[in-house]
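Single-structure report; data block below.
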Amino acid sequence: MRFFLSLLLGVSFYLAQSQTNSDPYINKSLIKVHSINQAIIDSLSEFNVIPISCRASMLESDLIVDSLTIAWLNHHNIPFSIIQNNMAKMIDLEMDNIEKRQYQRSTNWYSVYRELDEIEDKIDDIIASSVNQETGYITKIIIGQSYEGRDIWAIKLSSANGTYPNPKPAIVINGGQHAREWITPMATTYLIEHLPELYYSNSNWNIFLNEVDVYIIPVVNPDGYVYTWEEDRWWRKNRQINIGSDCVGTDLNRNWDFDWNGEQSTSENPCSDIYVGSAPFSAFETSVVSQYISSIPNLVNHIDVHNYSSLIVGPWSSSDEPTEDNDEIFCLGTQMQAAVSNTNDYPYLFGTGTVNNLLYLISGGMVDWIYGGLSSLSFLYELRPASLYYFDSDWNGLLAFDNPEEEILPVCEEFLQGVKEMIKWTYFQNCEVATGCSDPEAENYYCNTLEGEMGCLYTVDFNAPPQENGAYNLLEYSLPLGFIDDGSCIYSSSIESLSQNKFIIKTIDMLGRKSSKKGLYLEIYNNGTVEKKYIN
Ligand SMILES: [Zn+2]
């Protein structure tokens, strides 16, 4: 009995002593300050206040505060509402839930959030099993070390096949800049698993991924990620010490060398969640990742994935001015938006800059550095949910960084659909076939094209004199017009409508998209024989 008692005491002593990631939130509340203004923010900066949104600004964000802050707000008659008055309990419930699910080993890997070593094991398993399919398609590269010495990895998907000249167009996708956004390493790992599956098993995707290299950096900030599991659930920054300050960490998404320490949502205070660091790339992690991305030849597209807000955001992040590539950014952005939103009927928005005042601008962000510094298109994804908190039957006030586990898989699936749009776009860009009907000469020119829509429509007047490159006569041709192969891209075409003097040609690429290839070269079947004629 004595032994049993001492064992019990030992256990409770251990529990009392052991640090959990909810400890920093004991006696903390989540509040919304109404009619907040800069003067209130300046005053609040003297208190222990944590803004909770990804693009952190006290102006828009809900805030985690302590009792001293609440007393100050009450004393000054500043109206606020309490969203959740027991933050530590909420985290403990989440961690209990995760622990329970982790013991159910039969569950799908994406049914529970995973710790860093689990993510690494999963990726190693994917790479090991891929050797059975095609040795060398997936490779894992250690690109450098974090401040605390953890490896930062990139997973490269690159085929030895394909026809595009080397270096092939490349896409980079990274997650986990912000430590507490646990859905993002899940989403990047999902890509590492499912893009190779598409490449191996789907003939269209085999073609696309033969021609486009994809680099995935699943966890940019491993130190912060581990810290959120072990010490502080809502830690955002890296874990680098700041000389002359007791406060730790740099906000990695303020530390990129573009408009660094500009005036948009930045802080020079090392205690701030949006601390810019001592210099551009002063953080180990941004230094390592920026050097690696700079070394990738022919980088054309990029995604930096965060949560929450259900948004896709193109450059600029630091300004509402349109970029030189605004048309392209809007075409691809709205295509990705539609693909992501349609996957599970969960709406995402797309925009640039402040996204019609939904967001505030940020300086020193990764997207602006990639676009402005490396001349590649670049997008920021803010995955689900759309708003900070919501309610369910078990526990009201679940927080955004804690998407319920049932939603991990749907979020990963919709993210994959957005990435697939980017890969297709990159593939077609390189073969000079627009994915939308972007030919201004077509009758239905419109850049925001969805899969399955009608093709570009051209009206050809056969009363006009024959062109030099081939005479034609409407009455000679019979349906169907067949496949067109110009050597790099394949698409099909058919007569859309027929009248006495005109016919309209519809062109559709292999995915059912509109095509706007100029200098259309038609392979025309005429009574069983094949003629080839230029149409324009
Ligand atoms: Zn973030």
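Cβ-Cβ contacts under 6 Å between residues 6 or more apart (or on different chains), taken from a first residue in segment 301-313 that is under 22 Å from W235 (Cα atoms) and touching a residue at least 40 places away in the same chain (Cβ under 8 Å) to a second residue that is among the polar types (S, T, N, Q) and more than 9 Å from the ligand (Cβ to nearest atom), are listed as D304/N174. The condition of being within 22 Å of N174 (Cα to Cα) and at pLDDT 95 or above holds for only one of L299, L361, L349, that being L299. Being under 29 Å from P347 (Cβ atoms), in contact with a helix residue (DSSP H, G or I) (Cβ under 9 Å, 6 or more places away or on another chain) and assigned by TED's automatic domain parsing to the domain that holds Y348 is a property that does not hold for V276.
Residue-by-condition table, conditions (1) within 27 Å of the chain's Cα centre (by Cα); (2) free of Cβ contacts under 8 Å to residues at least 12 places away in the same chain; (3) over 30 Å from S267 (Cβ atoms):
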| residue | (1), (2), (3) |
| --- | --- |
| S35 | no, no, no |
| S43 | no, no, no |
| S53 | yes, no, no |
| A71 | no, yes, no |
| K100 | no, yes, yes |
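Exactly one residue among P270, P218 is in contact with a Leu (Cβ under 9 Å, 6 or more places away or on another chain) and either away from the ligand (no atom under 14 Å from the Cβ) or closer than 22 Å to Y308 by Cα (or both), and that residue is P218.
Suppose the filter is in the same structural domain as Y275 (by TED's automatic domain parsing), assigned to a helix (DSSP H, G or I) and either on the phi > 0 side of the Ramachandran plot or surrounded by 12 or more Cβ atoms within 10 Å (Cβ to Cβ) (or both); does D125 pass it? Yes, satisfied. In segment 173-196, what residues are out of contact with any strand residue (DSSP E or B) (no Cβ under 9 Å at 6 or more places or on another chain) and farther than 18 Å from P410 by Cβ? Across segment 173-196, the qualifying residues are A179, R180. Condition test on I78, is it away from the ligand (no atom under 16 Å from the Cβ) and in the same structural domain as S35 (by TED's automatic domain parsing)? Yes, satisfied.
May I ask you to list the residues in segment 200-229 that are of a type in the set (S, T, Y) and either more than 20 Å from the chain's Cα centre (by Cα) or surrounded by fewer than 21 Cβ atoms within 10 Å (Cβ to Cβ) (or both)?
Once the filter is applied, which keeps residues that are of a type in the set (S, T, Y) and either more than 20 Å from the chain's Cα centre (by Cα) or surrounded by fewer than 21 Cβ atoms within 10 Å (Cβ to Cβ) (or both), segment 200-229 yields Y200, S201, S203, Y227, T228.
Between D223, D273, D251, the distinction of being modelled with pLDDT under 95 and in contact with a Lys or Arg (Cβ under 6 Å, 6 or more places away or on another chain) belongs to D273 only.
If I filter segment 179-198 for residues that are within 16 Å of the ligand (Cβ to nearest atom), under 21 Å from D121 (Cα atoms), hydrophobic (A, V, I, L, M, F, W, C) and part of a loop (DSSP other than H, G, I, E, B), do I get at least one hit? Looking for residues that are within 16 Å of the ligand (Cβ to nearest atom), under 21 Å from D121 (Cα atoms), hydrophobic (A, V, I, L, M, F, W, C) and part of a loop (DSSP other than H, G, I, E, B), one finds at least one in segment 179-198, hence yes.
Taken as a whole, the condition of being more than 16 Å from the ligand (Cβ to nearest atom) and without any contact (Cβ under 8 Å) to a residue 40 or more places away in the chain does not apply to D213.
When you look at P315, is it surrounded by fewer than 18 Cβ atoms within 10 Å (Cβ to Cβ) and on the phi < 0 side of the Ramachandran plot, yes or no? Judged against the criteria, P315 is not a match. If you go through segment 203-234 and keep only what is in a loop (DSSP other than H, G, I, E, B) and in contact with a Gly (Cβ under 6 Å, 6 or more places away or on another chain), you end up with P218, V219, V220, N221.
Taking segment 368-411 as the search range and keeping residues that are hydroxyl-bearing (S, T, Y) and loosely packed, with under 15 Cβ neighbours inside 10 Å, which one is modelled with the highest pLDDT?
S375
T163 passes every criterion in (1) among the β-branched types (V, I, T); (2) part of a loop (DSSP other than H, G, I, E, B); (3) without any contact (Cβ under 8 Å) to a residue 24 or more places away in the chain; (4) within 29 Å of Y427 (Cα to Cα) apart from (3). Has segment 334-350 got any residue that is acidic (D, E) and surrounded by fewer than 18 Cβ atoms within 10 Å (Cβ to Cβ)? Scanning segment 334-350, I find at least one residue that is acidic (D, E) and surrounded by fewer than 18 Cβ atoms within 10 Å (Cβ to Cβ), so the answer is yes. Note on segment 171-199: among residues that are in contact (Cβ under 8 Å) with a residue 60 or more places away in the chain and charged (D, E, K, R), the one that is surrounded by the most Cβ atoms within 10 Å (Cβ to Cβ) is E181. Scanning segment 30-57 for residues that are in a loop (DSSP other than H, G, I, E, B), buried (at least 16 other Cβ atoms within 10 Å of the Cβ) and either modelled with pLDDT of 80 or more or within 16 Å of the ligand (Cβ to nearest atom) (or both) gives V49, I52, S53, C54, R55, A56, S57.
One residue is enough: does segment 304-313 have a residue meeting the conditions more than 16 Å from the ligand (Cβ to nearest atom) and part of a loop (DSSP other than H, G, I, E, B)? No, segment 304-313 contains no residue that is more than 16 Å from the ligand (Cβ to nearest atom) and part of a loop (DSSP other than H, G, I, E, B).
Tell me, please, whether a residue that is within 16 Å of the ligand (Cβ to nearest atom), surrounded by 14 or more Cβ atoms within 10 Å (Cβ to Cβ) and within 24 Å of the chain's Cα centre (by Cα) can be found in segment 140-158. The answer is no, given that none of the residues of segment 140-158 is within 16 Å of the ligand (Cβ to nearest atom), surrounded by 14 or more Cβ atoms within 10 Å (Cβ to Cβ) and within 24 Å of the chain's Cα centre (by Cα).
The values are calculated or read from the model by the stated rules, or taken from the named source; none is laboratory data. The structure displayed is predicted, hence computed values, not measured ones. Neighbour counts run over all protein chains shown; Cβ positions are idealised from the backbone, glycine included.
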